[in-house]
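Visitor: Here it is, the structure in full.
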Amino acid sequence: MISLLINQISSQFNENEPFQKLKGQLKRECFPVDLEGPQGGFLSIVLGNIMQETGSCSLVVVPSEQEAENLVQDLITLMPDIRSALFPWWGLLPYGDGRPLPSIYGERAYLLSCLLAGEQMVIVAPLRSLLSPLPPPEHLKEQFLLLKRGDSLDLTLLSTKLQTLGYLRVPRVSLKGEYALRGEVVDIFCYGREEPSRLVLDFDIIAEIKSFNVVNQGSTVKLEELRISPLREVIPSSQLISTLKK
């Protein structure tokens with residue numbers, strides 16, 4: 001019943017002049033775009049239809065954390081075919097003594113990589129999460145690691161790169177941000193994925209990429225590629241580290 005009602009509402013957008021005007025602004029990339037009027041679950045339906053029309057990655061900024069969480073939940077419930085995620089804020093008071101959770105670092109870096117890659121999804125951010133400065137896009141692009149089936153891979157260089165990105169080497173992967181090397185098998189648990197990924201090498205060629213279950217180690221889904229994002233938004237260069245040590 002709910003899906004039928006949503007389809008009926010969505011079918012009216014083609015005849016709605018404000019929606020067509022909004023779609024035109026987005027296609028011409030006239031940013032930022034201010035959206036007023038839609039509230040509650042209807043806003044998620046509007047955003048879902050925009051995504052279906054534009055087919056790009058959208059960043060939606062709302063005033064508060066609660067509104068952001070509610071919007072993401074509405075998108076998951078009412079528009080399940082549209083990928084959506086919450087861009088978290090640090091969760092700290094200014095000049096406080098606490099430190100953000102490692103998961104917040106990883107989730108923010110992953111979602112920034114999705115924005116740069118132009119993946120088809122909706123990223124919802126409370127205003128407070130955008131108040132802190134972000135690194136230049138060029139810096140983030142240099143940190144991403146894209147591995148495809150059939151690529152040549154040096155395990156020593158890969159291990160060094162993963163540690164530079166903040167990943168922790170462990171005997172067996174169980175948490176996000178960990179990786180393991182076992183002969184010609186590499187296990188990596190990246191942010192943005194519900195399960196860790198396994199690279200199977202044939203000498204130095206990636207023969208297979210697949211997701212696997214942490215508990216029984218059984219394979220679940222075969223993948224053609226794996227994008228690995230850093231665990232932090234800013235990765236200090238070796239030159240900067242040497243300067244700080246002086």
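Visitor: Please give the Cα centre distance for the stretch 139-211 versus the stretch 34-78, rounded to the nearest Å.
Guide: Here the answer is 33 Å between Cα centres.
Visitor: Something else now. Compute the long axis of helix 155-164 from its Cα atoms, compare it with the longest principal axis of the Cα atoms of the chain, and write down the angle in degrees, 0 to 90, nearest 10.
Guide: 60 degrees
Visitor: Take the cross-link list Lys21/Lys148; Lys21/Lys210; Lys23/Lys141; Lys23/Lys161; Lys141/Lys176 and give me the ones stretching past 31 Å between alpha-carbons.
Guide: Numbers: Lys21/Lys148 39 Å; Lys21/Lys210 42 Å; Lys23/Lys141 28 Å; Lys23/Lys161 41 Å; Lys141/Lys176 21 Å.
Violating the 31 Å Cα-Cα cut-off are Lys21/Lys148; Lys21/Lys210; Lys23/Lys161.
Visitor: With angles folded into 0 to 90 degrees, how steeply does helix 41-54 sit against the dominant principal axis of the chain? Use alpha carbons for both and round to 10.
Guide: That helix lies at roughly 70 degrees to the long axis.
Visitor: How compact is the stretch 107-158 by the rule of thumb for globular proteins, expressed as Cα Rg over 2.2 N^0.38 Å? Before the final figure, lay out the partial values.
Guide: On the way: Rg = 14.3 Å, N = 52, 2.2 N^0.38 = 9.9 Å.
Cα Rg divided by the expected 2.2 N^0.38 Å: 1.45.
Visitor: Between Arg232 and Thr156, how high is the FRET efficiency from 1/(1 + (r/R0)^6) when r is the Cβ-Cβ distance and R₀ = 30 Å? Nearest 0.05. Display every interim value, and only then the final one.
Guide: Numbers: r = 23 Å, r/R0 = 0.76.
Efficiency, rounded to the nearest 0.05: 0.85.
Visitor: Using alpha carbons only, what's the Rg to Rh ratio of the stretch 70-119 with Rh from Kirkwood?
Guide: In the stretch 70-119, Rg relative to Rh is 1.08.
Visitor: Helix 2-11 sits at what angle to the longest principal axis of the chain, using alpha carbons and giving 0 to 90 degrees rounded to 10?
Guide: With rounding to tens, the tilt is 70 degrees.
Visitor: Using a 1.4 Å probe over the heavy atoms of the protein chains, calculate the carbon and sulfur portion of the accessible area of the chain as a whole percent. Write down the numbers at each step before the final one.
Guide: Numbers: 8020 of 14690 Å².
Carbon and sulfur atoms account for 55 percent of the accessible area of the chain.
Visitor: While we're looking at this one, here's another question. Between Leu168 and Ile104, what FRET efficiency comes out of the Förster formula 1/(1 + (r/R0)^6) with R0 = 25 Å and r the beta carbon distance, rounded to 0.05? List each step's numbers first, then the result.
Guide: On the way: r = 17 Å, r/R0 = 0.67.
E(calc), rounded to 0.05, equals 0.90.
Visitor: Would you tally the net charge around Ala207, using a Cβ to Cβ cut-off of less than 14 Å, leaving Ala207 out, and scoring K and R as +1, D and E as -1? Working shown, then result.
Guide: On the way: positive: Lys148, Arg149, Arg198, Lys210, Lys222; negative: Asp151, Glu184, Asp202, Asp204, Glu208, Glu224, Glu225.
Charge balance in the 14 Å sphere: -2.
Visitor: With each run of n ≥ 4 DSSP H residues scored as -39500 (n - 2.57), what mean residue ellipticity at 222 nm is computed for the chain after dividing by its residue count and rounding to the nearest 500 deg cm²/dmol? Don't skip to the answer; put the middle values down first.
Guide: Values: 8 runs with 90 residues, N = 246.
Helices in the chain give a 222 nm mean residue ellipticity of -11000 deg cm²/dmol.
Visitor: Let me ask something else. Rg to Rh for the chain: what is it, with Cα atoms only and Rh by Kirkwood? Don't skip to the end; give the middle numbers.
Guide: Working: Rg = 20.5 Å, Rh = 20.3 Å.
Using only Cα positions, Rg/Rh for the chain is 1.01.
The values are calculated or read from the model by the stated rules, or taken from the named source; none is laboratory data. Here the structure is a predicted model, which means the values were calculated and not measured. Glycine gets a Cβ as well: all are built from the backbone with ideal geometry, and neighbour counts include every protein chain shown. To get the accessible areas, we keep the full protein, side chains included, count just its heavy atoms, and leave off ligands, DNA and RNA. Shrake-Rupley method; radii C 1.70, N 1.55, O 1.52, S 1.80 Å.
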